[in-house]
Amino acid sequence: MNMQDVEPIEIKVRDRTSMDRCITAAVDRMIESARRQRTHGILVTRVGDGHFVVGLSHAVPFGYTEQIDFRRQTA
């Protein structure tokens, strides 16, 4: 299995409780894949309010989980 075989998990939620639960479950699934490959870390991307993508990333070292927030910043 390589990174291309592991599809990112898209999450859309409406409340904080669901967000925490869904992101934790998605990260746990990615940890399993990352452990098998031992070459990629996990990236949690916040695309917008209540919209996230969790996947493996070559930009994140194995054994780490990082976050990035792509929501538009309001001034």
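What follows is calculated from the coordinates using simple rules that are stated; it is not laboratory data. Computed from a predicted model, the values in this text were never measured in an experiment. All Cβ positions, glycine included, derive from the backbone under ideal geometry; neighbour counts span all protein chains shown.
Numbers for the structure displayed
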{"item": "Efficiency of FRET from Cβ geometry, Thr65 and Thr39, R₀ 25 Å, rounded to 0.05", "result": "0.95"}
{"item": "Theoretical ellipticity at 222 nm over the chain - DSSP helices of four or more residues, -39500 (n - 2.57) apiece, nearest 500", "result": "-10000 deg cm²/dmol"}
{"item": "Angle in degrees between helix 16-37 and the longest Cα principal axis of the chain, rounded to the nearest 10", "result": "20 degrees"}
{"item": "Hypothetical label at Glu7: residues of the range 41-75 whose amide nitrogen lies under 20 Å (7 Å Cα-Cβ projection)", "result": "42-47, 51-58"}
